Amino acid sequence: MPGLDEKLQDIYSEVVGRNPGEHEFHQAVHEVLESLGPVVAKHPEYAEAAVIERLCEPERQIIFRVPWLDDNGRTRINRGFRVQFNSALGPFKGGLRFHPSVYLGIVKFLGFEQIFKNSLTGMPIGGAKGGSDFDPKGKSDAEVMRFCQSFMTELYRHVGEYTDVPAGDIGVGGREIGFLFGQYKRISNRYESGVLTGKGLTWGGSQVRKEATGYGTVFFVDEMLRANGQSFEGKRVVVSGSGNVAIYAVEKVQELGGLVVACSDSSGYVVDEKGVDLTLLKELKEVNRGRIVEYAQARGHDVHYVSSGSVWEVPCDIALPSATQNELNGADARTLIKGGCIAVGEGANMPTTPDGVRLFLDAGVLFGPGKAANAGGVATSALEMQQNASRDFWSFEHTEARLAKIMRGIHDRCAETADEFGSPGNYVVGANIAGFIPVADAMLALGVI
Ligand code: NDP
């Protein structure tokens, strides 16, 4: 990793020492601190009030037992987490992830990223994240329901529309949000719609929330392309993953005239030179909860399935990593650059390793970091909160237009901030600084709390 200023290096060493073994959290902190040198130099008041040190320490961390009964009547135990990282700008806000890899370090990296992402949206929301090492894959609907009910039986004490508003993430979609909301409603005896986002359209949800992260990522990349005289029209695009973010990224790329030639899941990837059949993909993943290999089987001989290797071996003009953290490493970045890739938009959180990011930036590839590029999901969650607060329900067109405007705003703020702090064209620096300053200013104003 490249060096940090002395003061920032001390802060980073302190974070590593206080949070042993939490590698993803260390990585996320380092990546932000790398950008903050010029800000600290310009604003000594941040150092005087220990703003960065306070930012790196969550306001509250909750870890709890989640016992549940499987379909055979056996008692199962999982671990639940909620890390309420920073509420300087508004109630804590951020998704819940259900995946066997979840531990405190993952939740903290995601919660830390969320502070800056939420700030970048310009909406009044703080940063948090939560989840469990529960694996919904292969579980029946009844098992998922019992797990969600048990999870919420503890979590309900810590959330609320003015306190903390969770949403979905990996392994948590409309089904899980429904079970969680149902249990919250039952325990609290309140129809408090604003306590969770990502709800169904007939019970307090917002149009475009399901589509928002994928669409928003594509809007962001489209802005980067336009700023450089390019567009999605006729471009070859590879999207990793085939979950919520990936599916709606594919949809928007296709609407903008791009050709998505590959997507993946954790077992492998498919290459479909004629363009991904979105109807088939949605049916497979959203309805049948199947594996990506079944896409190749259903589509026939024109499509090939690769069970080992990396989806980034498929040459493309634009790459949209939309699966998980650290899924695109330095070797993958080299392959993409060699294959002529001109732009990368991170639909997932921290999908590119630090050496991958550096290679893209050095090669002049347009690089949209996750905290900016995928902020459309949480921004639309904040629009859902607005609708809940005013008991209103907006049309798809109106909500999508709001999302597009927010993503344009984020793009422009990142670009202008990168210019102002001496790194033109570097959206990583732009996003980190533009996300940091409003939070730091609010923390100064609120005193040492
Ligand atoms: P989903 O659970 O809907 O989909 C995740 C996809 O990524 C699946 O195809 C999954 O494959 C794949 N995947 C997950 N873990 C791995 C792994 N370790 N290796 C390879 N593939 C993997 O999640 P989302 O689409 O909601 O989230 C994807 C990413 O986007 C995450 O990084 C999330 O934090 C981020 N994000 C999501 C937002 C949202 O609104 N949902 C908002 C902002 C960011 P498989 O089914 O085989 O596990």
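Side notes on the structure shown:
- The Cα atoms of segment 20-122 cover 62, 28, 22 Å along the three principal axes, with the biggest extent listed first.
- Alpha carbon convex hull of segment 245-304, volume per residue in cubic angstrom: 71
- Mean Cβ neighbour count within 10 Å, used as a protection proxy, ranking 245-257, 417-429 highest first: 245-257, 417-429
- The Cβ shell under 11 Å around Phe151 holds other residues with a net charge of +2, Lys and Arg each +1, Asp and Glu each -1.
- Per-pair calculated FRET efficiency, R0 = 45 Å: Ser307 and Glu57 via Cβ, rounded to 0.05: 0.60
- For segment 168-210, the C-alpha radius of gyration divided by 2.2 N^0.38 Å, with N the number of residues, is 1.09.
- Local electrostatic count at Ile449 - Lys and Arg +1, Asp and Glu -1, tallied over other residues with Cβ under 14 Å: -1
- Under the Karplus curve 6.51 cos²θ - 1.76 cosθ + 1.60, θ = phi - 60°, whole-Hz ³J(HN,Hα) for segment 14-21, x wherever Gly or Pro sits: 4, 4, 4, x, 7, 10, x, x
- Once the chain from Thr202 to Asn326 is taken as fully extended at 0.36 nm per residue, the excess over their C-alpha distance is 41.0 nm.
- Available extension along the chain between Asp70 and Leu444 is 129.8 nm, counting 0.36 nm per residue and deducting the alpha carbon span.
- Pairs exceeding a 28 Å alpha-carbon distance, out of Lys108/Lys210; Lys108/Lys199; Lys117/Lys199; Lys139/Lys371; Lys7/Lys338: Lys139/Lys371; Lys7/Lys338.
- Ranked packing of 201-207, 323-329, 430-436, most packed first, by mean Cβ within 10 Å: 430-436, 323-329, 201-207
- Per-peptide packing, taken as the mean over residues of other Cβ atoms within 10 Å, places 217-225, 146-154, 45-53 in the sequence 217-225, 146-154, 45-53 from highest down.
- Taking the Cα centre of the chain as reference, the dipole from Cβ charges on Lys and Arg (+1) and Asp and Glu (-1) amounts to some 1300 debye.
- With R₀ fixed at 35 Å, the C-beta to C-beta distance from Glu420 to Asp141 puts the FRET efficiency at about 0.10.
- Stretch gain in nm, segment Asp10-Lys338, where the contour uses 0.36 nm per residue and the Cα spacing is subtracted: 114.3 nm
- Each Lys or Arg adds one and each Asp or Glu takes one away; over the other residues whose Cβ falls under 14 Å from the Cβ of Val293, this sums to +1.
- Separation of segment 1-77 from segment 287-331 is 31 Å, based on Cα centroids.
- Prolate/oblate/rounded call for segment 240-351, Cα gyration tensor, a/c under 1.5 rounded: rounded
- Cα gyration tensor, segment 322-413 - rounded (a/c under 1.5), prolate or oblate: prolate
- Take every Cα pair under 8 Å whose residues are at least 6 apart in sequence, average their separation, divide by the length of the chain, and the relative contact order is 15 percent.
- Cα-based shape type of the chain, given that a ≥ b ≥ c are square roots of the gyration tensor eigenvalues and the cut on a/c is 1.5: rounded
- Projected-area average for segment 133-249 over all orientations - Cα convex hull basis, square nanometres: 9.5
Values in this text are rule-based calculations from the coordinates and carry no lab data. Note that the coordinates shown come from a computational prediction; the quantities given were computed from them, not determined experimentally. Heads up, the Cβs are rebuilt from the backbone with ideal geometry, glycines too, and the neighbour counts pull from every protein chain shown.
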